[in-house]
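To start, the structure under review is shown below, and the notes come after it.
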Amino acid sequence: MGAASAARIDEEPTVAMLRERQEVEGVYACTRKERRVSRAGTPYLTVELADSTGTIPARAFRDADVLAGRFERGELVRVRGRVERFRAELQIALEAIASAPAAHAHAERFLPVAYRDLDELEGFLEHLARELHDPGLAALLARLMGDQKLRAEIRRAPCSAPSWRSQAGGASSRPPAHHAYLGGLLEHTVAVATLALELCTLHSRLDRDLLLAAALVHDLGKTREFTYGAEIAASAEGRLLGHIELGLRVIADHLPPMLGEARRLALEHCVMLHHGPEGGQRFASPEALALCRLNALDAHIKGAFERGFAAAC
């Protein structure tokens, strides 16, 4: 997308800016799409449009089937219409609607974003990485932090998609959906790594560098787990492999020669078990156990703030 097109999208009215009787032309996320039939027996189209500021319903009573064929739910769409009030609620009376794939580069315009300042969080991440003294682990983090493409993905990625829900029942210790917004991975990583340092002051027998390094890299697979359009969704890699395997691959791509095999295995073990033992595995180090508990602690507390205490528990 060219600079002129990007500027036009940024200047378009957000959902929060829409007012009654306003003429609207802009790009929004389509989060719901339904074909309905009126009492008179004629079809009409109802959709939900969204961006990072909110949602608004929209309806088309003319050429409903023709318009419905021009886009799908989960896409970004360009719409034209007029804001009206219906039963005390604002809605858009649609004149035109069609997919707008060229707008996908502007995920932050349409998707939920962390409230915390991402520049500040990146500063904390860099500070935490500099706290490593082990030469091999410090070299690994230096390589990871020096990969600008990876850094951009760490800054953008969530920890889960907003629509994901934890499964009821079962014995899995996997935490529920949390940090389900752009920047969520960065926020969660800084939190878990900070908790790791605090825990090491209380339990001095913990391998401080191993636990800190594991906290910093445990969720790197999240950088490959998602796609960004009208919604945050799982990528093909994310669905088929999962973020733990993807994270191990990211680490493998950045391994420094000075990181010995024993140290590498200890780190990989922590990453593999940060959601708890599965498939007959057991914690082989107190650092792996600590990372699992700290990861779950931050996830569950954040979930309590995001969805309410009862839902998170």
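Laboratory data are not the source of any read-out in this text; all were calculated from the coordinates shown. Quantities reported herein were computed from a predicted structural model and do not represent experimental measurements. Don't worry about glycine lacking a Cβ; one is built from the backbone with ideal geometry, like all the others, and counts go over all protein chains shown.
To the nearest 0.05, what FRET efficiency results for ARG130 and GLU245 with a Förster distance of 35 Å applied to their C-beta separation? It comes out at approximately 0.80.
Counting only residues at least eight positions apart within a chain, or on another chain, the aspartates and glutamates with an alpha carbon under 20 Å from that of LYS33 are GLU25, GLU48, ASP51, ASP63, ASP65, GLU72, GLU75, GLU84, GLU89, GLU95, GLU231.
Report, in degrees rounded to the nearest 10, the 0 to 90 angle that the Cα long axis of helix 208-217 makes with the longest principal axis of the chain. For helix 208-217, the angle is close to 20 degrees. Ranked by the mean number of other Cβ atoms within 10 Å of their residues, highest first, the peptides 209-215, 284-290 fall in the order 209-215, 284-290. From the alpha carbon centroid of region 242-281 to that of region 205-223 is 10 Å.
Working from Cα pairs under 8 Å separated by at least six residues, relative contact order for region 218-266 is 37 percent.
Axis of helix 118-130 versus longest Cα principal axis of the chain: the two differ by about 10°, to the nearest ten degrees.
Using the alpha-carbon positions of region 4-145, Rg (one decimal) and Dmax (whole number) come out as 21.2, 75 Å.
Overall, the anisotropy analysis places the chain in the prolate class: the square-rooted eigenvalues a ≥ b ≥ c of its C-alpha gyration tensor yield a/c not less than 1.5, with a/b exceeding b/c. Here the relative contact order of the chain, from alpha carbon pairs under 8 Å that lie six or more residues apart, stands at 15 percent.
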